[in-house]
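Shown next, in structure tokens, is the structure this report addresses.
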Amino acid sequence: MRRRSLLIGAASVTALSACRERRGRVWTAQVPPAPLPHQPAPLATAPPPEALPLGDGRTPTFTPAAYAEHVAALEQRLASLGVGVLSMRVEDPFVVAGDDAPDALAVRSRVVRWASDMLEKGFFDRRPGRILDVFLFRSAASYERGVRLLTGDGPWTPFGFYSSEHGGLFMNISTGGGTLVHEIVHPYVEADFEGAPAWLNEGLGSLFEQSGERGGEIVGYTNWRLRGLQAAIVKGKVPSFRTLCSMSHRKFYDGDPDVNYGQSRYLMYYLQETGLLRSFYKSARAAKKKDATGYATLVATLGKPDMAEFQKRWTEYVLSLRFDG
Ligand SMILES: [Zn+2]
């Protein structure tokens, strides 16, 4: 099957942490820095969204009347906040709103449709329990302005974020569709795996920020986080998996997020490539009360190896990976 990639601006330089957990349950992509002048321009967002398949036979989560009511309330809110008129369309369970013309928004929205369908198929039994907005702003300036008007605060990442508090995803879509897929993971995890540990939530989100299809399933590909993780491995700065799994949200996001995101992502990548990721996710979800960190489930999924030995093998595996973006 032809490989499709969803790429974020793939500057392969040391990651800059722009991730915060603020105002309650808010997750952001930990984002790559802007490319340095001597670097090649970031890759444009592939896929051509019009090439993405749409899900069929989907049972809508909410009724047409609920969507109509939601859209009317959103239009009123946008007007009263001075955001102006946005194009809108329903991509269940989301309302996608953007400052592009309706036909351009329809093309961009296909990433939302594709990611939702593929993630539901592969991982999630529950959809978000309320209609969430996906704001797709077409430029850095309109993103900055829109976020400020809609949330009362400026964005802390130039790419995009999910805010549970504000009921939506806020994206600077000119930077590509990868962050959008990453952020779509979060409301699904919120609905499907309440209380998921940070490493699992961000590992899964960041795995799919560069993704495509293999055998009809969504798969993550190597991406820009690899180089930073490989450097951290060489410097001996990567913690044990027990330590990673047991990190509180605060420690995960505020400690050394570059390493934490990278380690989580490439543990998920390893599980994916060994055919264990889906069963791991479902087992961890089922065991969340007795194994809140997911560590015991991870060990069991791996076949109860000596975890120090496993980490050595995983380290060698990660050092053997390549990303040419
Ligand atoms: Zn995230």
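The numbers here are math on the coordinates, done by the rules we state, and not lab data. Worth saying up front: this structure is predicted, and the values here are computed from it rather than measured. In this analysis, Cβ positions are derived from the backbone assuming ideal geometry, glycine residues included, and neighbour counts consider all displayed protein chains.
What list do you get for Glu213, Glu202, Glu75 if you sort them by fewest beta carbons within 10 Å?
So the residues, fewest neighbours to most, are Glu75, Glu213, Glu202.
Measure off 7 Å from each Cα along the Cα-to-Cβ vector at Thr274 and Arg126, then give the distance between these two points in nanometres to one decimal.
Calculated label separation equals 2.9 nm.
Run the simple label-point estimate for Val234 and Arg313 please: 7 Å along Cα→C-beta, distance reported in nm.
2.6
Order these by the 10 Å Cβ neighbour count, fewest first: Arg278, Arg110.
Arg278, Arg110
Dipole magnitude of the range 98-152 about its Cα centre, charges +1 at Lys/Arg Cβ and -1 at Asp/Glu Cβ only, in debye to the nearest 20? Walk me through the numbers before you get to the answer.
On the way: 10 positive and 8 negative charges, 24 e Å.
Taking the Cα centre of the range 98-152 as origin, the dipole is about 120 debye.
Go through the range 273-289 residue by residue and turn each phi into a ³J(HN,Hα) via Karplus (6.51, -1.76, 1.60, θ = phi - 60°); whole Hz please, and just put x for glycine and proline.
Using θ = phi - 60°, the values come out as 6, 9, x, 10, 5, 5, 5, 4, 4, 5, 5, 5, 5, 5, 9, 4, 6 Hz.
Percent of alpha carbon pairs in the range 227-325 separated by more than 16 Å?
Pairs farther apart than 16 Å: 57 percent.
Which order do Phe280, Phe135 fall in if you start with the one that has the fewest other Cβ atoms within 10 Å?
Least to most surrounded, the residues fall as Phe280, Phe135.
With a ≥ b ≥ c taken as the square roots of the eigenvalues of the C-alpha gyration tensor of the range 26-320, please select rounded if a/c is under 1.5 and otherwise prolate if a/b is larger than b/c or oblate if it is not?
Prolate is the answer for the range 26-320, as a/c is 1.5 or above and a/b outweighs b/c.
Each residue of the range 191-202 in order: what ³J(HN,Hα) in whole Hz does its phi give by Karplus 6.51 cos²θ - 1.76 cosθ + 1.60, θ = phi - 60°, with x for Gly and Pro?
So the J values, rounded to whole Hz, are 7, 8, 9, 4, x, 4, x, 4, 5, 6, 4, 6.
Which of Lys121/Lys251; Lys235/Lys289; Lys121/Lys312; Lys282/Lys312; Lys282/Lys304 have a Cα-Cα distance over 28 Å?
Lys121/Lys251; Lys235/Lys289; Lys121/Lys312
Convert 4 °C to kelvin, take the viscosity as 1.567 mPa s, use the Kirkwood radius over C-alpha pairs of the range 102-141 as Rh, and evaluate the Stokes-Einstein diffusion coefficient in µm²/s, rounded to a whole number.
My calculation gives 109 µm²/s for D.
Explain nothing, just compute: Karplus ³J(HN,Hα) = 6.51 cos²θ - 1.76 cosθ + 1.60, θ = phi - 60°, for every residue of the range 261-268 in order, whole Hz, x for Gly and Pro.
Going residue by residue, I get 5, x, 5, 5, 4, 7, 6, 4 Hz, with x marking Gly and Pro.
Using DSSP, restrict attention to beta bridges with both residues in the range 26-320 and report what percent are antiparallel, rounded to the nearest 5.
For the range 26-320, the DSSP antiparallel bridge percentage is about 60.
If R₀ is 25 angstrom, what is the calculated FRET efficiency for the pair Thr243 and Arg148, using the beta carbon separation as r and rounding to 0.05?
Taking R0 as 25 Å, the efficiency between Thr243 and Arg148 is 0.10.
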